[in-house]
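Down below is the structure, laid out as structure tokens.
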Amino acid sequence: MTLADLQELEREAVMPTYLRNPVEFVRGKGTLLWDAEGTEYLDFLAGVSVVALGHCHPALVSAVCEQAERLMHVSNLYYSEPGMRLAARLSELGLGGKAFFTNSGAEAVECALKLARKHKPQGDVVVLEKGFHGRTFGALSATPQEAKQAPFAPLVPGFRVAARESAELPVDDQTAAVLIEPIQGESGILPVADEVLQAAREACDRHGALLIFDEIQCGMGRTGDLWAWQAAGVRPDVMTVAKGLGGGLAIGACLTGAVHADVLQPGDHGSTFAGGPVAAAAANVVLDVVTEPGFMDEVARKGERLAAGLRDLGLEVRGRGLMLAFAAEHAPEVARRLLLEEHLLVNATGPDTIRLLPPLTVSDDEIDQALARIASPD
Ligand SMILES: *Cc1c(COP(=O)(O)O)cnc(C)c1O
């Protein structure tokens with residue numbers, strides 16, 4: 001099938017929710033992708049922060065293949081080892097409590113919202129302006145962006161929106177939780193100030209509310225720390241992870257600290273597919289790699305190399321580690337030109353921002369190549 005055939009099928013049979021670029025990818029290895037004609041591309045988006053170990057990482061491929069041959073699915077009515085092992089490791093590396101597995105980021109947020117409501121019945125959830133937490137009704141209700149919410153009113157009630165730059169949060173005894181992305185990804189890599197994270201922590205402590213950090217995009221080593229909140233030294237009660245967790249397979253999790261580990265009880269929540277052995281086996285490999293000694297330091301170092309290179313091109317850079325963005329006029333056209341002419345995958349988060357989320361395994365040479373392609377004149 002040609003690209004034109006695929007586009008025809010899409011027009012006929014796929015809901016037009018995505019604005020796809022006119023490229024069909026057929027193969028990937030590390031930071032490289034190949035299209036149907038055999039043209040090589042450099043992937044500095046990594047499936048939007050998903051392909052953390054690069055495409056088709058050998059250890060990930062063999063763990064997935066082995067698990068798929070042995071057992072793919074039994075449901076959460078029985079035990080299988082990969083999910084239990086993953087939960088224990090995430091607890092140790094995360095907040096010391098327990099995990100609820102999901103198939104996506106939005107579902108991890110749904111779990112966190114239900115947990116908050118159960119923790120404080122009828123309580124409100126405070127979210128920050130420009131936050132993004134997903135597209136399902138609860139997660140969408142936590143995503144105060146007019147264009148995304150307006151067509152779907154009425155939304156889930158009980159959300160309050162706080163200014164993203166103010167340490168005065170609208171938190172009181174009615175507040176069940178404050179939900180924040182430490183670095184707002186979809187809105188263009190906008191770090192939330194440490195003082196705001198700190199103020200949210202203090203307000204939650206004062207009013208018995210849960211501090212929930214959405215680490216779906218900024219977690220799993222993306223910023224040069226395993227979790228983005230580590231740099232601010234502000235520890236949440238609950239956090240959501242997904243995207244990079246499965247390295248390309250669909251898995252997310254809502255993670256608690258020890259205190260809130262048993263808020264959700266039998267019958268309170270569930271998922272047919274979530275935490276299945278194949279996705280959990282993949283996530284265990286991702287954890288193996290990102291916790292190798294020195295791996296995080298390398299992410300931080302490579303992030304600095306990329307950021308410094310962008311600044312040398314005269315660009316205004318935001319973000320941390322390998323979660324970076326730069327300001328560009330007509331960003332959607334810039335991203336399209338970089339893809340089609342320079343064979344570099346990046347993404348425009350809006351009219352004036354280009355976002356870069358390369359695999360955490362990207363090499364110095366690939367960073368330098370990407371910088372050269374970004375520097376090339378229109
Ligand atoms: C991508 C993202 C989500 C939603 O994840 P899905 O897997 O698309 O449902 C939620 N929160 C943040 C911070 C994200 O970046």
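Brief remarks on what is shown
- Taking (1) within 15 Å of the chain's Cα centre (by Cα); (2) within 11 Å of the ligand (Cβ to nearest atom); (3) not hydroxyl-bearing (Ser, Thr, Tyr) in turn, ALA142 satisfies each apart from (1).
- Single unsatisfied condition, LYS148 versus (1) within 15 Å of the ligand (Cβ to nearest atom); (2) open to solvent by 10 Å² or more (accessible area, probe 1.4 Å); (3) not in a helix (DSSP H, G or I): (3)
A quick yes/no check of all residues on (1) farther than 12 Å from ILE374 by Cα; (2) over 21 Å from the mean Cα position of the chain (by Cα); (3) at pLDDT 95 or above:
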site: LEU310; (1), (2), (3): no, yes, yes
site: VAL317; (1), (2), (3): yes, no, yes
site: HIS330; (1), (2), (3): yes, yes, yes
site: GLU333; (1), (2), (3): yes, yes, yes
site: LEU338; (1), (2), (3): no, yes, yes
site: GLU342; (1), (2), (3): no, yes, yes
site: VAL346; (1), (2), (3): no, no, yes
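- Taken as a whole, the stretch 335-355 holds at least one residue that is among the small types (Gly, Ala, Ser), crowded, with 19+ Cβ neighbours inside 10 Å, out of contact with any helix residue (DSSP H, G or I) (no Cβ under 8 Å at 6 or more places or on another chain) and not assigned by TED's automatic domain parsing to the domain that holds VAL192.
- The residues on offer are LEU197, LEU211, LEU190, LEU179, and the sole one that is closer than 23 Å to GLY94 by Cβ, open to solvent by less than 50 Å² (accessible area, probe 1.4 Å), within 12 Å of the ligand (Cβ to nearest atom) and at pLDDT 95 or above is LEU179.
- The single residue among GLY267, GLY248 that is more than 13 Å from the ligand (Cβ to nearest atom), modelled with pLDDT of 95 or more, on the phi > 0 side of the Ramachandran plot and not β-branched (Val, Ile, Thr) turns out to be GLY267.
- Here LEU71 fulfils each of the conditions (1) under 21 Å from MET296 (Cα atoms); (2) open to solvent by 50 Å² or more (accessible area, probe 1.4 Å); (3) touching a helix residue (DSSP H, G or I) at 6+ places or on another chain (Cβ under 6 Å) apart from (1).
- For the stretch 74-107, the set of residues classified as farther than 24 Å from ARG235 by Cβ, more than 16 Å from the ligand (Cβ to nearest atom) and open to solvent by less than 50 Å² (accessible area, probe 1.4 Å) consists of VAL74, SER75, SER80, PRO82, GLY83, listed by residue number.
The values are calculated or read from the model by the stated rules, or taken from the named source; none is laboratory data. Please read all numbers here as calculations on a predicted model, not as lab measurements. Every residue, glycine as well, gets a Cβ built from its backbone with ideal geometry; the counts of neighbours run over all protein chains shown. What goes into the accessible areas is simple: the full protein's heavy atoms, side chains included, and nothing from ligands, DNA or RNA. Shrake-Rupley method; radii C 1.70, N 1.55, O 1.52, S 1.80 Å.
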